[in-house]
Amino acid sequence: MAKVPDMIQTWQMVQPTTRDRETGEVTPGKLEKKEIPVPELAPEDVLVEIAGCGVCHTDLGFFYDGVPNVNKPPLTLGHEISGTVVAGDESWIGKEVIIPAVMPCRKCYLCKTGRGNRCLNQKMPGNSLGIYGGFSSHIPVPSLDLCEIKDRQGIPLSHFAVIADAATTPYQAAKRADIQPGDNVVVIGITGGVGQYQGQLAKALGAKTVIGIARSQEKLDRALKFGADLVINSTDKNEKDISKEFRNICKEQALPNFGWKIFEVTGTKPGQNIALSLLGFTGKLIVVGFGLAKTEYAIGRLMAFDAEIIGTWGCLPEYYPAVLDMVLNNKINIEEFVQTRPMSTIAETFEEAHKVPPMKRIVLEPDF
Ligand SMILES: [Zn+2]
Ligand SMILES: [Zn+2]
């Protein structure tokens, strides 16, 4: 049985990177190793000993790009967490768990009407769960929404961290898109940390065709082994070129020119332009990636196409067990998409991941 500590060891974001509006001068962000007390646990709370925490684009947004946290720094980042319950609610002690990246309040109107993934009072580790986040030895969380891993089949516990957010956000998106067996799907940004699971999930949920669009050929080749049937390399191409290539593929493969479900996972303007140019008759565009770009579109086309554009946020904790099952039943592969590093490399790892998106999601394992 793991020991219950008095103190939590953690890598706090003391300050994010700031840029002076007038001078443009950049003050680098600061991560510091700290010790914080274990709080008194409420009856519904548990303390989880962290096995691993994934480094997500969202963390980098908070640290480098001026995306504000709900709770102001100092706080610890990290919301893709797996670990073992070591204290609190007796019925959970000793269990291996995934902590959902967003935990709804379960009390508000949105929660009660099935839209809890976008609950306005939701708690997200590394953002709105007090000062607590995943780049730590331990974290206090409500037990209600924990996803228990009963038999991890020899996969290291830390690897399951990627199910929180990276693999579940695309599941919620697939639900929003109402993916059905036989659907035809496009994933723009299929090579990214979230995008590759979007492709795998669409296929696992019965999509007939999955076309992946991205720039890295190496990662596109990998996508062809995991979810994608066809790929388009978008390097040095604009949305018109892509649209032409897409139409040619449809012709060659005898695929319909209607009903495509398009997932935009990049959050970038070029990605959004591609998505909008591909949206056609009875199509659905699901916006999974976040970005601040303003993109122009003649929305009257939605009327003519009888088409939809839908946003999607996070994932309901109740979907986590389904995604975990898909991983354990080899319908979704996580092992080819995870690498682990000691948590003490956090500063270098952030730098590296911010410069070039890694081939495999980096999960940091506590080594305090
Ligand atoms: Zn994330
Ligand atoms: Zn709520």
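Throughout, read-outs are computed from the coordinates displayed, never taken from laboratory work. None of these values were measured; they are calculated from a predicted model. Glycine gets a Cβ as well: all are built from the backbone with ideal geometry, and neighbour counts include every protein chain shown.
Within straight-line reach of Lys219, meaning a Cα separation under 12 Å, sit the following aspartates and glutamates at least 8 residues removed in sequence or on another chain: Glu336. Database remark: amide H of Val187 closer than 5 angstrom to the amide H of Ile211, Gly212, Ile213, Phe263 (H placed geometrically; neighbours at sequence offset of 5 or more, or on other chains; Pro and chain starts carry no H).
As a rough footprinting exposure proxy, the listed residues Tyr197, Tyr319, Tyr109 were ranked by other beta carbons within 10 Å of their own, and the order from fewest upward is Tyr109, Tyr319, Tyr197. Multiplying each eigenvalue of the alpha-carbon gyration tensor of the chain by 5 and taking the square root yields semi-axes of 35, 23, 19 Å, largest first, rounded to whole angstroms. Centre-to-centre, using Cα atoms only, the range 184-228 and the range 41-108 are separated by 28 Å.
Centroid-to-centroid, using Cα positions, the range 284-349 and the range 250-278 are 16 Å apart. GNM on the chain, alpha-carbon springs under 10 angstrom: the most fluctuating residue among Phe160, Phe263, Phe337 is Phe337.
Considering only beta bridges that DSSP places wholly inside the chain, some 55 percent are antiparallel. As a proxy for reagent exposure, Ser82, Ser216 were ordered by neighbouring Cβ count within 10 angstrom, fewest first; the result is Ser216, Ser82. Segment Met7..Leu224, full-extension length gain: 73.5 nm, with 0.36 nm per residue of separation and the alpha-carbon distance subtracted.
For the chain, what is the relative contact order in percent, using Cα pairs closer than 8 Å and at least 6 residues apart in sequence?
On the way: 840 pairs, mean separation 61.5, N = 368.
Here the relative contact order equals 17 percent.
Between Cys111, Cys56, Cys147, where does the largest GNM mean-square fluctuation fall for the chain, given springs only between Cα atoms within less than 10 Å? Among Cys111, Cys56, Cys147, the largest GNM mean-square fluctuation belongs to Cys111. In terms of distances greater than 18 angstrom between alpha carbons, the cross-link table entries Lys240/Lys355; Lys3/Lys33; Lys237/Lys269; Lys208/Lys237; Lys30/Lys72 yield Lys240/Lys355; Lys3/Lys33; Lys208/Lys237.
If you look at the Cα atoms of the range 143-214, you get an Rg and a Dmax of 13.6, 39 Å. Rounded to the nearest whole Hz, the Karplus-based 3J(HN,Hα) values (6.51 cos²θ - 1.76 cosθ + 1.60, θ = phi - 60°) of the range 244-254 follow the sequence 5, 4, 4, 5, 4, 4, 4, 5, 4, 8, 6, with x at glycine and proline. Each Lys and Arg Cβ is given +1 and each Asp and Glu Cβ -1; about its Cα centre, the chain then shows a dipole of about 1100 debye. A simple spin-label model places the labels of Asp306 and Glu351 5.6 nm from each other, with each point 7 Å out along Cα-to-Cβ. If you run the Gaussian network model on the chain, springs between alpha carbon atoms under 10 Å, then out of Arg222, Arg106, Arg19 the most flexible one is Arg19.
Converting phi to 3J(HN,Hα) with the Karplus coefficients 6.51, -1.76 and 1.60 and the offset θ = phi - 60°, the range 93-105 yields 4, x, 7, 8, 9, 10, 8, x, 5, 10, 10, x, 6 Hz in sequence order, with x at every glycine or proline. Residues whose amide H falls under 5 Å from that of Ala87, counting only those 5 or more places apart or on a different chain, are Leu47, with hydrogens built in the peptide plane. Once the chain from Arg106 to Val14 is taken as fully extended at 0.36 nm per residue, the excess over their C-alpha distance is 30.0 nm. In order along the range 356-368, the Karplus-derived 3J(HN,Hα) couplings, from 6.51 cos²θ - 1.76 cosθ + 1.60 at θ = phi - 60°, round to 10, x, x, 4, 10, 3, 8, 10, 8, 9, x, 9, 6 Hz, and Gly and Pro are given as x. Positive end of the dipole of the chain (Cβ unit charges, origin at the Cα centre): among Gly259, Gly130, Val67, the Cα lying farthest that way belongs to Gly259. Per-residue extension of 0.36 nm, minus the Cα-Cα distance of Met359 and Glu296, leaves a gain of 19.5 nm for this segment. Footprinting exposure proxy ranking of Lys3, Lys237, fewest other C-beta atoms within 10 angstrom first, gives Lys3, Lys237.
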